[in-house]
Amino acid sequence: MERRDRKRGSGAGNAGMGDGFLMEVCVDSVESAVNAERGGAGRIELCAGLMEGGTTPSMGLLQVVKQCVRVPVFVMIRPRGGDFLYSDRELEVMKADTRLAKLHGADGLVFGALTEDGRIDTELCTALLAFDMVHDPLVALETLVSLGFERVLTSGCDSSALEGLPLIKRLTEQAKGRIVVVPGGGITERNLQRILEGSGAPEFHCSARSARDSGMKFRNSSVAMGTSLSVSEYSLKVADVAKVRTLNAIAKNIL
């Protein structure tokens, strides 16, 4: 599961950190953003295409989310799913999206770029970079520190933060407070305590989503808007207030 490094935006402050942990929730709708804040999230990562690991959201979505929540909103800058090796034209799209996101009030940006041999592309390190697909994460961490980054989000270069816990702990120890290592990927109420205690991380990242049935009454089962046959178009996944609150409470109780 790929994860992006992140850098604190001008409005990030200390929201949600009164008890020592900051919870970031990734969302792809206004409803999810509002639910995340209601549940106690200290920061929101705004995306589209969460099934692809997150892509750039529309600026309309950003504008409305900013009107509806008070916590900092970090915007994903990723022109497509897949890897983090971008063409010159894709880079131009990312630059344009970056300018627009800042214009419409983004508190921070989230994106990644790697070279073809899996190392950080330092020429594209104007904000946040791909990390979990790097060739050597320990070397990459030092690169990010030297470039002035404040935060790196990682699943420990594994399928989930729980599976990658040993590397997350090692990265946190190597960071020595110079950069915040944020565990993310497959975090639930069942494994959060183990991940936070095992890593020593001060922040964590999750989606905390549940399925919600669509309000559509007329449903044509013969027509599908896409290729996925396993997910109903009348089942919507949104951030769950109760799940966010539960995860937040678990983090607070660890102290």
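What number of residues within the range 1-48 satisfy the criterion of being modelled with pLDDT under 90 and surrounded by fewer than 24 Cβ atoms within 10 Å (Cβ to Cβ)? Full working, then the answer.
Start the filter on the range 1-48 by keeping residues that are modelled with pLDDT under 90, which leaves 1-21.
Among the residues that remain, those that are also surrounded by fewer than 24 Cβ atoms within 10 Å (Cβ to Cβ) are: 1-2, 7-21.
Looking only at that region, the number is 17.
Pick from G164, G156: which is at positive phi, crowded, with 24+ Cβ neighbours inside 10 Å, free of Cβ contacts under 8 Å to residues at least 60 places away in the same chain and not aromatic (F, W, Y)? Reasoning before the result, please.
Details: G164 fails: at positive phi.
Answer to the selection: G156.
Of all residues in the range 171-199, how many are crowded, with 17+ Cβ neighbours inside 10 Å and either over 22 Å from L50 (Cβ atoms) or of a type in the set (A, V, I, L, M) (or both)?
Qualifying residue count for the region: 13.
Please indicate, with yes or no, whether at least one residue in the range 107-116 is open to solvent by less than 40 Å² (accessible area, probe 1.4 Å) and modelled with pLDDT of 90 or more. Before the answer, list the steps.
If we filter the range 107-116 for residues that are open to solvent by less than 40 Å² (accessible area, probe 1.4 Å), which is where we start, we get 107-114.
Still in the running and modelled with pLDDT of 90 or more: 107.
There is at least one residue in the range 107-116 that is open to solvent by less than 40 Å² (accessible area, probe 1.4 Å) and modelled with pLDDT of 90 or more.
Scan the range 145-161 for residues that are under 17 Å from M23 (Cβ atoms), hydrophobic (A, V, I, L, M, F, W, C) and in a loop (DSSP other than H, G, I, E, B) and jot them down.
Passing the criteria: only A161.
The values are calculated or read from the model by the stated rules, or taken from the named source; none is laboratory data. These figures come from a predicted structure and were not determined experimentally. Cβ coordinates were reconstructed from backbone atoms using ideal geometry, including for glycine residues, and neighbour counts include every protein chain displayed. We work out accessible area using only protein heavy atoms, side chains counted, and drop any ligands, DNA or RNA first. Shrake-Rupley method; radii C 1.70, N 1.55, O 1.52, S 1.80 Å.
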